[in-house]
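Asker: Could you have a look at this structure, given as structure tokens, before my questions?
The values are calculated or read from the model by the stated rules, or taken from the named source; none is laboratory data. Note that the structure is a prediction, hence the values are computed from the model and not measured. Counting neighbours? That spans all protein chains shown, and the Cβs are built from the backbone with ideal geometry, glycine included. Just so you know, the surface numbers come from the protein's heavy atoms only, side chains and all, with ligands and any DNA or RNA stripped out. Shrake-Rupley method; radii C 1.70, N 1.55, O 1.52, S 1.80 Å.
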Amino acid sequence: MKKKILIPIIAVLALLILSSGVVVTYPNEFTVIKQFGKIVDIRENPGLSYKIPFIQSAEKIENEVLLYDLAVSDVMTKDKKSMIADCFALWRISDPQKYTQTLSAQKSNAEFRIDTIIYNSLKNVISSLSQEEVISGRDGELAQAIKDNIGDTLSQYGIELLAVETKSLDLPDENKDAVYERMISERNNIAATYQAEGQEEAQEIANKTKAEIIVMQSKADAQAAEIIAKGEAEYMRILSEAYNDEEKADFYLFLRSLDAAKATMTGDNKTLIIDESSPIAQIFYGY
């Protein structure tokens, strides 16, 4: 009877001992195996594994991208202007062993280190820039400069810093109006400079075009005068040929006489009085 009772008890104890040695590692975590407080293994691949019951312990740490939201802080620019920065960081555990040894695998310890290092970098970068440069660098240049300034400082804690972004980088309420008015004034001055340069260039182009037009007009006038002269010369040549031929000369005089008679018959009076010796009279008389 004692054997029958002991066997199930031993089986249950054995099952409990075996089950306490089973370790389940999920895809979004690392499993750190410790023996007497010392790291003996790190399980990175998801699945089931085994540890020595009661001698070894298993601790879980995150194996995913983590977000840390920094507290809003005041920073000072190179030109001694106060600004309010609100940032966040994306990070992950790159070396579980270093992370566990240096930070006791405590997320709060890691976030404290991240907060301190990013704030110091943010303060150093902004203090090297003017307020205008800080405002104009909010499209990514400022965040990259902060990350570059940090470098691989966090790697000593087994942490990889993926990104540092500024949610907002604003002016204190009491300074906003003055700063915005100054920026508007500066932009207006820049716009006025561009406009003046544009007008000067436009006037230069207009003067150059006007000079080219004058030159082209002069050439056209010269060509026209040359053509007119050639036409008049040709006209005089034709007249000369007409007068040198008696028949052509008589016909030409006949046409000119008709034109002269037509010109004199204006208005309601269509009476033409001419002398018998007139060429027109000779036409009508037939001699």
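Asker: Just need a number here: residues in region 42-88 that are surrounded by fewer than 12 Cβ atoms within 10 Å (Cβ to Cβ) and part of a strand (DSSP E or B).
Answerer: 5
Asker: Out of the residues in region 95-107 that are of a type in the set (S, T, N, Q) and open to solvent by 60 Å² or more (accessible area, probe 1.4 Å), state the one that is nearest to Gly151 (Cα to Cα).
Answerer: Looking only at region 95-107, we keep the residues that are of a type in the set (S, T, N, Q), and these are 97, 100-102, 104, 106.
Adding the requirement that they be open to solvent by 60 Å² or more (accessible area, probe 1.4 Å) leaves 97, 101-102, 104, 106.
Working: Gln97: 21, Gln101: 21, Thr102: 19, Ser104: 23, Gln106: 23 Å.
Selected residue: Thr102.
Asker: Considering every residue within region 91-106, establish whether at least one is under 32 Å from the mean Cα position of the chain (by Cα), more than 17 Å from Gln156 (Cα to Cα), modelled with pLDDT of 85 or more and not basic (Lys, Arg).
Answerer: no
Asker: Look through region 151-201, keep the residues that are of a type in the set (Gly, Ala, Ser) and not in a helix (DSSP H, G or I), and return whichever of them is modelled with the lowest pLDDT.
Answerer: Among residues in region 151-201 that are of a type in the set (Gly, Ala, Ser) and not in a helix (DSSP H, G or I), the one modelled with the lowest pLDDT is Ser168.
Asker: Do you know which residues across region 23-41 are of a type in the set (Val, Ile, Thr) and open to solvent by less than 70 Å² (accessible area, probe 1.4 Å)? Before you say what the answer is, go through the steps one by one.
Answerer: Residues of region 23-41 that are of a type in the set (Val, Ile, Thr), as a first pass: 23-25, 31-33, 39-40.
Within region 23-41, Val23, Val24, Thr25, Thr31, Val32, Ile33, Ile39 meet the criteria.
Asker: Looking at region 8-29, is at least one residue of a type outside the set (A, V, I, L, M), within 30 Å of Ala143 (Cα to Cα) and either assigned to a helix (DSSP H, G or I) or at pLDDT 85 or above (or both)?
Answerer: Yes, region 8-29 contains at least one residue that is of a type outside the set (A, V, I, L, M), within 30 Å of Ala143 (Cα to Cα) and either assigned to a helix (DSSP H, G or I) or at pLDDT 85 or above (or both).
Asker: Would you confirm, using the coordinates I've provided, whether Ile55 is of a type in the set (A, V, I, L, M, F, W, C), free of Cβ contacts under 8 Å to residues at least 40 places away in the same chain and more than 30 Å from Ile184 (Cβ to Cβ)? Spell out the reasoning first.
Answerer: Values: of a type in the set (A, V, I, L, M, F, W, C): yes; free of Cβ contacts under 8 Å to residues at least 40 places away in the same chain: yes; more than 30 Å from Ile184 (Cβ to Cβ): yes.
So Ile55 passes the test.
Asker: Would you confirm, using the coordinates I've provided, whether Leu129 is more than 28 Å from Glu64 (Cβ to Cβ) and not in a helix (DSSP H, G or I)?
Answerer: Criteria met by Leu129.
Asker: Another question, if that's okay. For Ile227, indicate whether it is part of a loop (DSSP other than H, G, I, E, B) and at pLDDT 70 or above.
Answerer: no
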